[in-house]
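Inspection log for the structure reproduced underneath, given as C-alpha cells.
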Amino acid sequence: FKVRVSDVKRRILINEVHGGDDEAKVLLRAIQQKVMALGEAFDNTYKELLIALARHNIFLVNESQLSESIQQWLRVFFREKVLRHIIPILLNKEVNPVKFLKDEHTYLAIEMKKNGQVIQYALVEVPTDDLPRFFQLPPEGTRRKKQIIILDNVIRFCLDEIFKGFFDYDEIAAYAVKLTRDAEYDLSDQLDLSLVDKMSDGLKQRLTAMPVRFVYEREMPAAMISFLKLKLQISSYDAIMPGGRYRNFKDFIGFPNVGRDYLENPKLPALDCRDFDGFVNAFDAIAKQDILLYYPYHKFHHFTELVRQAAFDPAVSAIRINIYRVAKKSRIIHSLIDAANNGKKVTVVVELRARFDEAANIDWANILTDAGVKVVFGVPSLKIHSKLCLITRHENGEAVRYAHIG
C-alpha cells in the first residue's frame, strides 16, 4: 500500500487531470476486493489460533473477560506502567491529525457521549515503541491456565483513568484504527540540491504524505467513520477497510511462549562454512577456491570477518563496497572506518533509495564521509540493489582482487 497501491492511486489522479483510460481504476478496485477477501481469511485464521492456544491453556483475553481481582491489579498496573505514555489527541476543529499521525502505528479512536450525544472524539496511540504489546496476567486458581492481555485492551479497560476529570461523559468507547501513507517521493530535480538534500526532503514529505489506506474496527459507528474520513482527508480512491479488533499483527512475532517448550519451534543456529577451516585468514581460503555461502543458513560472520581482516591487513590497499541496508550497530561500517584510519583507499557506494532505510543510510553516509571514506551516491535515476565488495591485495608484486558478490 505504501508504494505500489500509492502508485496506482497517483495514476488515477494524473489521468483525471490529463486524460487517460480507466485501467488504473479497474486495477484499484480489484486490489481492494482482493485485500478485503484476504482480510476475512486472516481474521478466520486468527480465530483458529485462539482456539488452538486455548487447548494448551493459553488465553488471550480482552477487557470484558477479567475477574474482579485482575481488574484491580490491571488498574494499578496501568497507572504505574502505561499511563505515563498516553497523551490523547483531541479531534477538534483546529487539529489536523494528518500532519502528525504516525504511519503504520495502531491508534484507538475514542468516542465520548453524554445523554446519547457525542461530545468529543479523540485518538490514543497504542505506545508499542515504549511498551511490549503483550502482558501476562497474574495466575488465578490453577497455575496451568495462562492469561495474556494485549496492550490495546489494557488501554480500553482503563479509559476512565485517562479521561475522567477532564470530560463529563456517561459513555465511552474505543475502536482500533490504522493509517497507511503514500511512501513515494516527489523530489525536485533542482541542480543546486545534492542528492542527500533531496532525499532528506523526501523523508520529510513521507511524514506528512497523504493517506492511501484507512483500516478501522468494523464495530465503529457510521457517524464516527464519516467524521474520521473527513478529518483524515480520505479520498474515494483510498482503501477504506473494516477489520478486526487489532491492527499490526506483526507484533505477534513477539508473542510470549508461556506454555511448554514444544509449543515453540527452536531457533536454528547459523552454520559455519567448512571451506574456511584450516586457513590462517579468509584470503588464503578464497585463493584456494571460490566459496558459495547460503544466507541466512551460513553465518554472515564469514563476510564481516573478511572485511575486518582487510581493514588492517598490510597487503590490502583498497576496499570498494556498496551498501543497501546495514545493521544499526554495523560491524561492516566500523571495519570500513578502521580501514580508512589505516590508510587504505575506501570507497563506499551508498544507496539512498533503500526503501524505508533512507534516513539511516543518510546518517551512515555522513559518518563515513567524516571518517575520510570516499562516499558515492550512485546514479540518481537508478537504484543499486546488488551487494558487492571488491578488495585489492598485493601478493608477490601483483595486485590480486577478492570479491564478494551477493
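Side notes on the structure shown:
- Yes/no for ALA239 being of a type outside the set (Ser, Thr, Tyr) and within 30 Å of VAL95 (Cβ to Cβ): yes
- Residues in the stretch 288-314 that are among the hydrophobic types (A, V, I, L, M, F, W, C) and surrounded by 14 or more Cβ atoms within 10 Å (Cβ to Cβ) were compared, and the one that is nearest to the chain's Cα centre (by Cα) is PHE300.
- Positions within the stretch 366-385 being of a type in the set (Gly, Ala, Ser) and at pLDDT 85 or above, in sequence order: ALA371, GLY372
- Note on the stretch 302-395: enclosed strands (runs of 3 or more DSSP E) holding 3 or more residues that are without any contact (Cβ under 8 Å) to a residue 60 or more places away in the chain and not aromatic (Phe, Trp, Tyr) are 345-350, 374-376.
- Members of the stretch 26-42 that are out of contact with any Pro (no Cβ under 9 Å at 6 or more places or on another chain) and either without any contact (Cβ under 8 Å) to a residue 60 or more places away in the chain or more than 12 Å from VAL5 (Cα to Cα) (or both): VAL26, LEU27, ARG29, ALA30, GLN33, LYS34, ALA37, LEU38, GLU40, ALA41, PHE42
- Against the test of being touching a residue at least 24 places away in the same chain (Cβ under 8 Å) and assigned to a helix (DSSP H, G or I), the options ASP284, ASP275, ASP251 yield a single qualifying residue, ASP251.
- The stretch 256-283: number of residues that are over 35 Å from the mean Cα position of the chain (by Cα) and surrounded by fewer than 10 Cβ atoms within 10 Å (Cβ to Cβ): 4
- Residue match in the stretch 314-327 (condition: farther than 29 Å from VAL376 by Cα and not charged (D, E, K, R)): no
- The residue that is nearest to ARG4 (Cα to Cα), among those in the stretch 170-217 that are loosely packed, with under 14 Cβ neighbours inside 10 Å and at pLDDT 65 or above, is GLU171.
- Any hit, the stretch 97-111, residues being over 24 Å from the mean Cα position of the chain (by Cα) and surrounded by 12 or more Cβ atoms within 10 Å (Cβ to Cβ): yes
- Scanning the stretch 214-224 for residues that are in contact with a strand residue (DSSP E or B) (Cβ under 6 Å, 6 or more places away or on another chain) and of a type outside the set (Asp, Glu) yields PHE214, VAL215, TYR216, ARG218, MET220, MET224.
- Taking the criterion of being under 12 Å from ASN153 (Cα atoms) and of a type outside the set (A, V, I, L, M, F, W, C), the residues of the stretch 48-70 that qualify are ASN62, GLU63, SER64, GLN65.
The values are calculated or read from the model by the stated rules, or taken from the named source; none is laboratory data. Here the structure is a predicted model, which means the values were calculated and not measured. Ideal geometry is used to build each Cβ from the backbone, glycine not excepted, and the neighbour counts take in all protein chains shown.
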